[in-house]
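Here is the structure we will look at, set down as structure tokens.
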Amino acid sequence: MAFLRCALVLLVLCSGVFSEVLRSFTDVPNCQKFFYAGQEPLGLASNSTASICQRLQGAYHYATLYHLLARVPIYSAYILEVSTTSRPDISSSNWYLEPMLGGIPQKEMLQPSNSEMQLNLDDVLESQAVNDDYRNSGYSRGHVNPSGHHSSASQLSTFTFTNMAPQDATFNSGTWNVYETFLRDKILTTCQQTHVLSGVIISGSQPGQGKWLRNRVNVPTFFWSAFCCVKSDGTRRAEGRLGRNQSPYDTVTKTIPDLEAILSNQYGGQVSLFAGGCK
């Protein structure tokens, strides 16, 4: 069933019918702005991934490369913003899903209770992770792209299951939270604009390889992040982080070339995160 769902999604992508689930992020110019110099990372896309320009309430908020079989985002690309409001009060049972992954011709993410989603619920549930996958799993619904890195206009859009990956609660609230706070409190305040890529290293591309929730959702071994900070004088600062999603939950600073080498080894391609290395 997972193979058939993947084949259906790829057929949709190749047809070019739905602009927000894309063959390439270059298909939607408004989505290119989330990448430094308009260039998406190289070496991470595959036949098992879908490019999603995350849209809610008529606006694009960030870009996601979603693994169709692992049902987690390989990365999210966004521009770091001042957080102007508290975390939205939304129950996980109402978090958004991506209708286009289920073959529904709707341009925006929708909540499960939406009438269009209900008519095609089986296809939607098969195409992506859902709330039941995480329930009583021992893992939190970890934001790959954190809501606290966005203004009030975009925060709600991060509460979608195409932006979630199983994350150990101790890691989520510990060293990884320290890093996310560092970006918000230190990097945001010293940079004119900061592009961020935040993603995961999956533990296996299909059930039987690595660790999974309900044989549907892959539990990543690592979370990673990289930022490209452009200062007002034109100088740049770029760094990466690699955080272990299990004890001892260490989060380690990496140079961009070192992080690219790790991702290249894990995903089998020559990975380039930022155009020109953000130099």
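The values are calculated or read from the model by the stated rules, or taken from the named source; none is laboratory data. A quick note: this is a predicted structure, and the numbers were derived from the prediction, not measured. Neighbour counts are summed over all protein chains in view; Cβ atoms, including those assigned to glycine, are modelled from backbone coordinates with ideal geometry. Accessible surface areas use protein heavy atoms only, side chains included; no ligands, DNA or RNA. Shrake-Rupley method; radii C 1.70, N 1.55, O 1.52, S 1.80 Å.
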Figure the gain on full extension for GLN118 and SER48 (residue separation times 0.36 nm, minus the Cα-Cα span) and round it to one decimal in nm.
22.6 nm
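Looking at the chain from every direction and averaging, what is the projected area of its Cα convex hull in nm²?
On the way: hull surface 54.0 nm².
The directionally averaged projection comes out at 13.5 nm².
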Kindly identify region 227-279 as rounded, prolate or oblate by the Cα gyration tensor criterion: order the square roots of the eigenvalues as a ≥ b ≥ c, call it rounded if a/c is under 1.5, otherwise compare a/b with b/c, prolate if a/b is larger, else oblate.
oblate
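So how do 199-211, 114-126 stack up, highest first, on mean other-Cβ count within 10 Å? Before the final figure, lay out each step's value.
On the way: 199-211: 17.4, 114-126: 14.9.
Going from most to least packed, we get 199-211, 114-126.
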So, by mean Cβ neighbours within 10 angstrom, what's the order for 52-64, 252-264 with the highest one leading?
52-64, 252-264
Log entry: pair-distance distribution for region 155-234, C-alpha pairs binned every 10 Å from zero, whole % per bin is 15, 39, 30, 12, 3, 0
Charges at C-beta only: +1 for Lys and Arg, -1 for Asp and Glu. How large is the resulting dipole of region 136-279 about its Cα centre, in Debye rounded to 20?
140 debye
Okay, helix-only estimate at 222 nm for the chain: each DSSP H run of n ≥ 4 adds -39500 (n - 2.57), divide by all residues, round to 500 deg cm²/dmol; what do you get?
-5500 deg cm²/dmol
Give the accessible surface of region 54-167 per residue, rounded to a whole number of Å², with probe radius 1.4 Å and ligands, DNA and RNA excluded.
34 Å²
Using modelled backbone amide H atoms (1.01 Å from N, in-plane), which distant-in-sequence or interchain residues come within less than 5 Å of LEU56's amide H?
HIS61
May I ask for the Rg/Rh ratio of region 155-199, computed from Cα atoms with Rh as the Kirkwood radius, given to two decimals?
1.00
The chain: relative contact order as a whole-number percent, Cα under 8 Å and 6+ apart
19 percent
What are the radius of gyration and Dmax of region 135-279, computed over its Cα atoms and given in Å?
15.6, 51
Under a no-solvent Debye model with one identical scatterer per Cα of region 80-172, what's log10 I(q)/I(0) at q = 0.16, 0.23 Å⁻¹?
-0.68, -1.19
Taking the Cα centre of the chain as origin and charging only Cβ (+1 Lys, Arg; -1 Asp, Glu), how large is the dipole, in debye to the nearest 20?
460 debye
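Where Rh is the Kirkwood radius over the Cα pairs of region 35-129, the temperature 4 °C and the viscosity 1.567 mPa s, what D in µm²/s does Stokes-Einstein return? List each step's numbers first, then the result.
Details: Rh = 14.8 Å.
Once the numbers are plugged in, D ends up at 88 µm²/s.
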Here the Kirkwood hydrodynamic radius of region 120-180, Cα-based and in Å, equals 12.8 Å
With point charges of +1 on the Cβ of Lys and Arg and -1 on the Cβ of Asp and Glu, referenced to the Cα centre of the chain, which listed residue (SER115, ALA37, ILE104) lies farthest in the positive direction of the dipole?
ALA37
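Given a 1.4 angstrom probe, I'd like the percentage of the accessible area of region 189-269 that is carbon and sulfur, rounded to a whole number.
Values: 1600 of 3720 Å².
Answer for region 189-269: carbon and sulfur cover 43 percent of the accessible area.
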